[in-house]
Amino acid sequence: MDKPFLKTTSLNKLYPGGGGIKDIHLEIQPGQITAIIGASGSGKSTLLSLLYGLLSPDTGEVNFKGERVWGPEEKLIPGHDAMKMVTQAEDDLNLFARVRENVSILLPNTDLRAKEEKTNNILTRLRMTALADKRVNDLSGGERQRVAIARALVTEPEVLLLDEPFNQVDTSFRDGLQEDIRQVVKDTGLTVIMVSHDPAEVLSMADELIVLKNGGIIEAGNPQKVYNDPQYLYTAKLLARCNVLSAGEASVCGVRTQKQQVMIYPEWIETRRFGGSKWTVKQLLFRGFYEELLVENNGVILRMLNGEPGKYGEGSNLSLKIKKWVEY
């Protein structure tokens, strides 16, 4: 029987002042991107550090390919040898050395030609050849983050752990870097575990989504399924700026429910030419190729999307239809 790739059993790590994780049972699949999301203080970074071996659990254990991942009390240099971790900190970078030197320094000097080839290969994969001879000190925060990721990947780890990896990356670079990492996963079978607070990152990148609340896993699964059918309102609010209505407010929208709350994503609302409830546009938020509309009816305000910017103005009257909703 094959041993699990990366697995936690009854993992607990609690801090005296509060916070941490409790009773985590988790199995990470190889060759995939797993994203961990949760509100601030939910235990995301603690879980990532336990998986890597930077922290030791109070109880329970982490196993990689059937062998225990030891923490700093048992291991002189913390962190599993088959894994690399990238955080927002730049402590490991030599700011006054070139990008190429920062990346290649982690490779042995036993075969200089292979060292150069590996360095060039990862710089090409991450589209960093134009930065290769620049000093790290002269780079933007986003470019330095690319250097940190290149350093982690050049040694060909089996697992790459990313803690809020794109926080400092400009939007123009972010999409390309995400695509590059997905391509590396596809080409090499690399396993990526990332912590993020940005729903756009996790929904576009991840193969598996894990939702933490108060240190425990409350939901997990394919991102598309979790988004479209969140089992908890907490999850829906993490993933989107959704509309949350009481039963009474929902009835104004034509939604009948016996439960306490109704969640409606903005894209689940559409306009109708005839019939439907009457709403007034209170505010327009231009988002480029689409608009967000804030519409009101009898004191109830909804956020919805409009794919034809300029079609409506403030004060316009609309008939709406709610295509889908989730009850809690």
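The values are calculated or read from the model by the stated rules, or taken from the named source; none is laboratory data. From a predicted model like this one, the values you see are computed outputs, not experimental measurements. Cβ coordinates were reconstructed from backbone atoms using ideal geometry, including for glycine residues, and neighbour counts include every protein chain displayed.
Looking at (1) in a loop (DSSP other than H, G, I, E, B); (2) in contact with a strand residue (DSSP E or B) (Cβ under 7 Å, 6 or more places away or on another chain); (3) not charged (D, E, K, R), which is the only condition Gln258 fails?
(2)
So which residues in the range 291-324 are within 22 Å of Gln261 (Cβ to Cβ) and either in contact with a Ser or Thr (Cβ under 7 Å, 6 or more places away or on another chain) or hydroxyl-bearing (Ser, Thr, Tyr) (or both)?
The answer is Val295, Glu296, Asn297, Leu320.
Can you run down the residue pairs with Cβ atoms below 7 Å, 6 or more apart or on separate chains, where the first is in the range 299-317 and exposed (fewer than 13 other Cβ atoms within 10 Å of the Cβ) and the partner is modelled with pLDDT under 95 and not in a loop (DSSP other than H, G, I, E, B)?
If the second residue must be modelled with pLDDT under 95 and not in a loop (DSSP other than H, G, I, E, B), the pairs left are Asn317/Lys278.
Return the only residue of Gly189, Gly216, Gly276 being more than 15 Å from the chain's Cα centre (by Cα), at pLDDT below 95 and not β-branched (Val, Ile, Thr).
Gly276
Please enumerate the residues belonging to the range 75-95 that are assigned to a loop (DSSP other than H, G, I, E, B) and within 30 Å of Asp133 (Cβ to Cβ).
Within the range 75-95, Gly79, Thr87, Gln88, Ala89, Glu90, Asp91, Asp92, Leu93, Asn94, Leu95 qualify.
One line per residue, one yes/no per condition, for (1) within 26 Å of Asp180 (Cβ to Cβ); (2) of a type in the set (S, T, N, Q):
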{"position": "Ser196", "(1), (2)": "yes, yes"}
{"position": "Ser204", "(1), (2)": "yes, yes"}
{"position": "Gly215", "(1), (2)": "no, no"}
{"position": "Glu219", "(1), (2)": "no, no"}
{"position": "Pro223", "(1), (2)": "yes, no"}
{"position": "Tyr227", "(1), (2)": "yes, no"}
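Run down Glu314, Glu267, Glu292 and say which single residue is in contact with a strand residue (DSSP E or B) (Cβ under 7 Å, 6 or more places away or on another chain), in a strand (DSSP E or B) and among the acidic types (Asp, Glu).
The match here is Glu292.
Being of a type in the set (A, V, I, L, M, F, W, C) and either touching a Cys at 6+ places or on another chain (Cβ under 7 Å) or within 28 Å of Leu318 (Cα to Cα) (or both): is that true of Val192 here?
Judged against the criteria, Val192 is not a match.
Which is assigned to a loop (DSSP other than H, G, I, E, B), in the same structural domain as Ser204 (by TED's automatic domain parsing) and in contact with a Phe, Trp or Tyr (Cβ under 6 Å, 6 or more places away or on another chain), of Pro72, Pro16, Pro30, Pro57?
Pro30
Report, by residue number, each residue of the range 117-153 that is acidic (Asp, Glu) and free of Cβ contacts under 8 Å to residues at least 12 places away in the same chain.
Glu117, Asp138
Counting only residues that are farther than 15 Å from Asp207 by Cα and surrounded by fewer than 16 Cβ atoms within 10 Å (Cβ to Cβ), how many does the range 22-62 have?
Summing the residues that are farther than 15 Å from Asp207 by Cα and surrounded by fewer than 16 Cβ atoms within 10 Å (Cβ to Cβ) in the range 22-62 gives 7.
Just the residues that are small (Gly, Ala, Ser) and either more than 28 Å from Pro30 (Cα to Cα) or outside the structural domain of Gln88 (by TED's automatic domain parsing) (or both), please, taken from the range 108-148.
Result: Ala130, Ala132, Ser140, Gly141.
Of all the residues that make up the range 96-109, how many are assigned to a loop (DSSP other than H, G, I, E, B) and small (Gly, Ala, Ser)?
Counting residues in the range 96-109 that are assigned to a loop (DSSP other than H, G, I, E, B) and small (Gly, Ala, Ser) gives 1.
Looking only at the range 88-104, filter to residues that are surrounded by 20 or more Cβ atoms within 10 Å (Cβ to Cβ) and polar (S, T, N, Q); which one of those is nearest to Gly66 (Cα to Cα)?
Ranking the candidates gives Ser104 first.
Which condition number in (1) at pLDDT below 95; (2) acidic (Asp, Glu); (3) surrounded by fewer than 17 Cβ atoms within 10 Å (Cβ to Cβ) is the one that Asp229 fails?
(1)
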